[in-house]
Amino acid sequence: MATAASTASHRARHERPRLLARALPGLLALCPALLPALAAPASAQDCDPHMALRFDGVDDFVEVVDPQTLPLEKFTVGAWIRALSFGTERRGIVTRGEDPVTDHLPWALEIWIDGTLAVEIEDGLDNDLFWFGVTNVADGEWHHVAASRAGDGTLTLFVDGEVDAVHAATLTPLDGTGAARLGNLRLNALGVPSEYGHFDGFLDEAFVYGEALDPDLVKKIYLAGVDAGYGDLQLLLKLDEFHGQKCDDSSVNDHTGVLGFDTTIEASDPLHVVSQAPICDKVQKLWFNLEPPVAGPGDEVQALTWGGAPFGLNALVITSIDGVPLFAVVLIDAFDGAGEHFLQADLPSDAPTGLTLGITAWGKTASGKLKPSHEEFLVLQ
């Protein structure tokens with residue numbers, strides 16, 4: 001039986017959306033004609049075509065030219081993956097490979113034998129040390145996976161934009177001159193090279209930053225794609241365009257990726273296929289900041305949005321009030337072109353205080369589909 005206190009709390013939570021709707025007549029502008037378009041989900045097939053690589057799990061890989069310039073102790077590495085299997089051996093995703101002389105493996109982002117994410121670093125005695133995530137990323141679905149290591153040794157693993165595991169005081173990677181790879185681990189046991197840990201599945205948009213990105217920036221990458229403005233971008237293989245057997249690095253470092261062992265067509269070349277990664281299920285390059293994050297009656301609230309693709313429509317939507325879900329379009333603005341843009345409104349003088357609004361920006365992707373960005377929160381005081 002519910003107590004009087006719990007009943008009152010339940011009633012209060014469900015009264016808040018109606019309270020806000022009544023108290024903010026100048027701000028809440030519900031748009032019935034727009035709601036179905038905004039709320040409709042989109043599948044990966046709605047995306048503009050882009051490409052990925054299909055690795056066979058047997059002998060396929062991509063080798064990165066000039067890997068010695070990739071970061072060592074501080075880094076963020078990641079990719080979109082759709083892993084089709086896991087099992088008796090770990091599978092390489094993005095690796096800064098093992099040195100052919102010293103046997104040092106600086107670091108490797110891998111799928112462990114149970115399907116979870118793992119980072120491997122070797123010590124000076126050729127011992128393999130591993131740090132694990134908790135989420136199964138080898139379930140046949142697309143996942144955005146990443147790992148960051150800070151200067152103090154803190155290692156953070158991410159799955160689909162969220163922190164999956166955090167490990168403190170991890171081993172400091174030792175330098176090496178081994179081949180950096182996508183899709184496998186190149187080992188050098190006692191100086192004898194061997195191909196190991198071949199990835200089985202699809203891989204798209206592999207990246208490496210030369211610093212440990214904050215979790216909110218990793219979330220941005222998951223939502224809106226890799227951006228050089230987020231940090232020291234050292235490698236970005238979008239895998240969309242190839243010149244013969246080579247794929248371009250979209251960072252400033254020109255770390256060309258080569259299919260297989262050399263520039264000839266061979267069995268170790270992964271297939272170039274149309275990607276179904278849900279990269280453009282997100283608003284491409286749409287991000288926004290609410291200023292100020294705390295406001296009171298009569299204050300002006302503005303959102304700054306920016307992007308790399310033109311949006312025909314931009315809207316701010318209240319998606320929650322004190323955690324209670326809501327969907328109310330509050331600001332709509334049409335504009336052309338990319339770049340900075342402001343949306344702003346004055347809060348009514350009778351705006352209720354003590355509430356926290358969750359607000360999401362919506363915009364059109366390059367394919368014309370309406371998608372949401374992240375959620376920010378505005379405290380009314």
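Nothing in this text is a laboratory measurement; each read-out follows from the coordinates by a stated rule. Every value quoted in this text rests on a predicted model; they were computed, and no experiment measured them. Cβ coordinates were reconstructed from backbone atoms using ideal geometry, including for glycine residues, and neighbour counts include every protein chain displayed.
With a ≥ b ≥ c the root eigenvalues of the C-alpha gyration tensor of segment 226-269, is it rounded (a/c under 1.5), prolate (a/b larger than b/c) or oblate?
prolate
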Review point. Using a Cα distance threshold of under 21 Å, what count of lysine pairs results for segment 51-276 when pairs must be 8 or more residues apart or interchain?
Key: 5
Check your understanding: So, how do all the Cα-to-Cα distances of segment 51-276 break down into 5 Å bins, in percent, from 0 on up?
Key -> 1, 8, 16, 22, 23, 18, 9, 3, 0
Practice item. Pull up all non-local amide H partners of Thr135: gap of 5 or more, or a different chain, and H-to-H distance under 5 Å with H placed in the peptide plane. Key: Leu117
**Study point:** Estimated inter-spin distance, Val166 and Asp152, nm [label 7 Å along Cα→Cβ]
**Key:** 1.0
